[in-house]
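The values are calculated or read from the model by the stated rules, or taken from the named source; none is laboratory data. All values reported here derive from a predicted model rather than from experimental measurement. So basically every Cβ, Gly included, is an ideal-geometry build from the backbone, and we count neighbours across all protein chains shown. In case anyone asks, the SASA skips ligands and DNA or RNA and just uses the protein heavy atoms, side chains included. Shrake-Rupley method; radii C 1.70, N 1.55, O 1.52, S 1.80 Å.
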Amino acid sequence: QVQLVESGGGLVQAGGSLRLSCTASGTIFSINAMGWYRQAPGKQRELVAAITGGGSTNYADSVKGRFTISRDNAKNTVYLQMNSLKPEDTAVYYCNADLRSTWYGIFRDYWGQGTQVTVSS
């Protein structure tokens, strides 16, 4: 059984900052990529940022230069530092991890329950 638990969402004014955290727990052998997605009302879920086990990162164009993704492999935790927030960043943010529970198992995607980020103008 694997769980991803997010924290750090909330309400912030435009120009402010928030830091999201997500920790994977349970039966975990190894984690490949971890990432953050978001879904605004009436829109599809989109990738915000991702990071591989080796530390390579990928960002959506809309957040480049403002958001930074990082991870602590020892803690199975991924972070998203969000600076210079804009009202259009308002969404539910979901954590994702591509992991396997045993050495012989296959990698599969797991999702967190989501955390609300609201940016007021």
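Just a few scattered comments:
- Couplings 3J(HN,Hα) of region 62-72, computed from phi: 5, 10, 4, x, 10, 10, 9, 9, 8, 8, 10 Hz, in residue order, whole Hz [Karplus 6.51 cos²θ - 1.76 cosθ + 1.60, θ = phi - 60°; x for Gly and Pro].
- By the Cα gyration tensor, region 1-116 has an equivalent ellipsoid whose semi-axes, rounded to whole angstrom, run 25, 14, 12 from largest to smallest.
- Surface accessible to a 1.4 Å probe, per residue, for the residues of region 56-121, Å²: 53
- HN-Hα J in Hz across region 9-19 - Karplus 6.51, -1.76, 1.60, θ = phi - 60°, x for Gly and Pro: x, x, 9, 9, 7, 3, x, x, 10, 9, 10
- Under 22 Å from residue 64, Cα to Cα: lysines that are on another chain or at least 8 residues apart: 43, 86
- Using a simple spin-label model with pseudo-atoms 7 Å out from Cα toward Cβ, residue 68 and residue 5 lie 2.7 nm apart.
- Percent RCO, i.e. relative contact order, over the chain, from Cα pairs under 8 Å lying at least 6 residues apart: 36
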